[in-house]
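Here's the structure we're looking at; comments come further down.
The values are calculated or read from the model by the stated rules, or taken from the named source; none is laboratory data. From a predicted model like this one, the values you see are computed outputs, not experimental measurements. Reconstructed Cβ throughout: ideal geometry from the backbone, glycine too, with neighbour counts over all protein chains shown. Only protein heavy atoms, including side chains, enter the accessible area calculation; ligands, DNA and RNA are left aside. Shrake-Rupley method; radii C 1.70, N 1.55, O 1.52, S 1.80 Å.
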Amino acid sequence: MIEPWGDNSLRVRASKMPGMPAEDWALIPQEDNNAVVTIEKYQASIQNGKLKAVINKIGKLTFYNQKGEILLEEYVRNRKDMFADTCSSIEVEAREFKPITGGDYKLSMRFVSNPNEKIFGMGQYQQPFLDLKGADLELAHRNSQASVPFALSSLGYGFLWNNPAVGRVNFGKNITTWEAYSTKKLDYWITAGDTPAELEEAYANVTGKVPMMPEYAMGFWQCKLRYQTQEELLEVAREYKRRNLPISIIVVDFFHWPLQGEWKFDPVYWPDPDAMIAELKNMGIELMVSIWPTVDYRSENFEEMRNRGLLIRTDRGFRISMDFQGNTVHYDATNPEAREYVWNKAKENYYKKGVKIFWLDEAEPEYSVYDFDNYRYHLGPDVQIGNIYPLMYAKTFFDGMKEEGQENIINLLRCAWAGSQKYGALVWSGDIHSTFASLRNQFAAGLNMGIAGIPWWTTDIGGFFGADIRDPKFHELLIRWFEYGTFCPVMRLHGYRWPLQPQYGTTGGATCISGASNEVWSYGDKVYNICKKYLTIREAMKPYITKIMEEAHTNGTPVMRPLFYDFPEDQVCWENETQYMFGPEVLVAPVMEQGVRELKVYLPKGADWTHIWTKETYPGGQTVSINAPVEEIPLFTKNGYELNIV
């Protein structure tokens, strides 16, 4: 089946089942448009705006833009047409369905590769490459890895692999191969356009757009692993106010509950959450609360949830999916009854008390062992549909909050799939290492997540683990990360720092120990004064951030994006992997190496660029050397734009 699906776009499906499976997965149903179908003697074609698909007499599909240029073509090698360039004795199918005992197929989809093409998007992978041409990517979620299988090509097309099965894609030099390890159908969506923005907006139109980000979420978020008591958290909030520092959100991290699967405050350590939330609101601070999807065998809800079929299952071995702080199994977010059950618990114990933003952790979901073929959900085996779990996890809370009348919903998740954005998903990059190399990885991950259709993204400023708060080398990393985090969609300080704190208490979540202090004043005066400067900058940028969040909400525009997004005619911008645009007016060149105090910055053609700190203006189309003392991130504004931050 090849059919129009949005402007300049087509959806392609194929199956060997008796009928075409009906699931739309990431795609929103579209109204019919004026696509033109032409049938000739040796081929047939369908054209929808700027995109045309041609299928020839041996079944090979080729996609063209409105100029007649090939965008993408299937890789077929056989002797069915001995006069075609596909004639070969190696006998390779483009669409290969390899049967699996039990009814599904292992699917391989092969396309001819253009070696000069550049590929961007695909979600979040812990590697430093922005251009994914030549990359081999697992289509599966892990802690700090999010598979969001939308690829944007420098040739002028966007491609969504609309299949939540675990699999793989290889953007090889000779062949591009997409694989699903267990599936019932081939399903992909392709769009053509003249600019990256046109492709991105077409994709957002068929998968959904983020809500409007609430104003409080645009400020600074304070977090650590973990505040052990109500009084400890309140004292941190009070200290921010005493110091007159901007703060929007403070976070109650995991194991504030008695046991996993008991979605409530442990009264031993959080005796009066109503009073805590009220005091925070009086200070103008929202409270975000951590939710885990895991249910401990010892918890008060386990027996009921197991008996009602609300938990995921294992096909082999004992029914345990994680063994961190207890033997646990995840709630089945693909089951509507399980979604309702978990939301009702959270509504009663958190939402009714005034918690309006949730941290939906473990969203992949994380397993102690990633045996994807061993877990089974309500919608099917993990290996067949598992990548949809984080989307359904986000939907659990989005639907519940929406039903309560809340608008502009935002929740923090550690993973996403195509379409998660429409459920208010803010994704962060997981439990990452506190190193400059890791910072470099997050730079690539954040930009590719934006291109993959997830405009709301952030990191743990400073990284998650492996840092001692007394280490001067870490202080430099934290400063550079804090500067970078100021120009991310959300600015959030988090981490599991050393030296560890003494355990407070012996029952409930107290068995999960806490890291060292992680407030901006925890690292000495030099670090504090620099962080204070960037907290002020972030607060001053709120009018600008509001504008770019409106663009994300209205058009699906990435908040942070590679240079080529705004300057597609400048070929140098397609090569640049060290800078990005924060909205349409601000160019950011983060320092991602230890000891660097000078940076070469490319200024795109077609604009004049003003250096934020020196106020010097440069014409575009050149590379300039910029001083980068530890307290300054290289920043430029376009054509005299007044950011009013210094």
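When the residues of region 572-606 are filtered to those that are closer than 20 Å to GLY450 by Cα and acidic (Asp, Glu), the one that is most open to solvent (accessible area, probe 1.4 Å) is GLU575.
Filter region 138-156 down to residues that are of a type outside the set (Gly, Ala, Ser), open to solvent by 10 Å² or more (accessible area, probe 1.4 Å) and in contact with a strand residue (DSSP E or B) (Cβ under 7 Å, 6 or more places away or on another chain), then give me how many there are.
We begin by selecting, within region 138-156, every residue of a type outside the set (Gly, Ala, Ser); these are 138-139, 141-143, 145, 148-150, 152, 155.
Among the residues that remain, those that are also open to solvent by 10 Å² or more (accessible area, probe 1.4 Å) are: 138, 142-143, 145, 155.
Now restrict to residues that are in contact with a strand residue (DSSP E or B) (Cβ under 7 Å, 6 or more places away or on another chain): 138, 145, 155.
Result for region 138-156: 3.
All conditions in (1) in contact with a strand residue (DSSP E or B) (Cβ under 7 Å, 6 or more places away or on another chain); (2) under 19 Å from ALA363 (Cβ atoms); (3) surrounded by 24 or more Cβ atoms within 10 Å (Cβ to Cβ); (4) not charged (D, E, K, R) hold for THR458, with the sole exception of (3). GLU569 satisfies every condition listed in (1) surrounded by fewer than 22 Cβ atoms within 10 Å (Cβ to Cβ); (2) under 27 Å from VAL646 (Cβ atoms) except (2). Only a single criterion out of (1) more than 19 Å from ALA180 (Cα to Cα); (2) in contact (Cβ under 8 Å) with a residue 40 or more places away in the chain is not satisfied by GLY68, namely (2). Within region 53-106, the set of residues being β-branched (Val, Ile, Thr) and touching a strand residue (DSSP E or B) at 6+ places or on another chain (Cβ under 8 Å) comprises VAL54, ILE55, ILE58, THR62, ILE70, VAL76, THR86, ILE90, VAL92, ILE100. Picking from residues in region 332-349 that are outside any helix (DSSP H, G or I) and without any contact (Cβ under 8 Å) to a residue 60 or more places away in the chain, the one that is surrounded by the fewest Cβ atoms within 10 Å (Cβ to Cβ) is ASN335.
Out of GLY466, GLY515, GLY485, which single residue is in a loop (DSSP other than H, G, I, E, B) and either at pLDDT 95 or above or surrounded by fewer than 22 Cβ atoms within 10 Å (Cβ to Cβ) (or both)? Before you say what the answer is, go through the steps one by one.
Working: GLY466 fails: in a loop (DSSP other than H, G, I, E, B); GLY485 fails: in a loop (DSSP other than H, G, I, E, B).
The conditions single out GLY515.
Check whether at least one residue in region 17-34 is in contact with a Gly (Cβ under 8 Å, 6 or more places away or on another chain), part of a strand (DSSP E or B) and open to solvent by less than 20 Å² (accessible area, probe 1.4 Å), and report yes or no. For region 17-34, residues in contact with a Gly (Cβ under 8 Å, 6 or more places away or on another chain), part of a strand (DSSP E or B) and open to solvent by less than 20 Å² (accessible area, probe 1.4 Å): absent.
Here region 158-175 is the region considered, the condition is being assigned to a strand (DSSP E or B) and open to solvent by less than 10 Å² (accessible area, probe 1.4 Å), and the residue that is farthest from THR557 (Cα to Cα) is GLY167.
Of the residues making up region 111-129, one or more are farther than 18 Å from TYR203 by Cβ, aromatic (Phe, Trp, Tyr) and part of a strand (DSSP E or B).
Taking every residue in region 42-58 that is under 20 Å from CYS87 (Cα atoms) and pairing it with any residue that is of a type in the set (Lys, Arg) and open to solvent by less than 60 Å² (accessible area, probe 1.4 Å), at least 6 positions away or on another chain, the pairs with Cβ-Cβ distances below 9 Å are VAL54/LYS60. Out of GLY103, GLY6, GLY68, one residue alone is crowded, with 19+ Cβ neighbours inside 10 Å and not in a strand (DSSP E or B). It is GLY6. Evaluated against (1) surrounded by 14 or more Cβ atoms within 10 Å (Cβ to Cβ); (2) outside any helix (DSSP H, G or I), PRO267 falls short on exactly one condition, (1). What pairs come out if I take residues in region 538-563 that are at positive phi and in a helix (DSSP H, G or I) and pair them with residues that are surrounded by fewer than 15 Cβ atoms within 10 Å (Cβ to Cβ) and at pLDDT 95 or above whose C-beta lies under 7 Å away, six or more apart or interchain? So the pair list comes out empty.
If GLU642 passes every condition in (1) farther than 19 Å from LYS533 by Cα; (2) open to solvent by 80 Å² or more (accessible area, probe 1.4 Å) but one, which one does it miss? Every listed condition holds for GLU642 apart from (1).
Is at least one residue of region 209-216 part of a strand (DSSP E or B) and either modelled with pLDDT under 95 or surrounded by fewer than 20 Cβ atoms within 10 Å (Cβ to Cβ) (or both)? Taking every residue of region 209-216 in turn, none turns out to be part of a strand (DSSP E or B) and either modelled with pLDDT under 95 or surrounded by fewer than 20 Cβ atoms within 10 Å (Cβ to Cβ) (or both). Going through (1) without any contact (Cβ under 8 Å) to a residue 12 or more places away in the chain; (2) open to solvent by less than 40 Å² (accessible area, probe 1.4 Å); (3) of a type in the set (Lys, Arg) one by one, LYS352 falls short only on (2).
Restricting attention to region 616-646, the residues that are touching a Pro at 6+ places or on another chain (Cβ under 8 Å) and closer than 19 Å to GLY606 by Cβ total 3.
Checked against the criterion of being in a strand (DSSP E or B), touching a residue at least 24 places away in the same chain (Cβ under 8 Å), of a type in the set (Val, Ile, Thr) and surrounded by 20 or more Cβ atoms within 10 Å (Cβ to Cβ), region 306-314 contains not a single residue that satisfies it.
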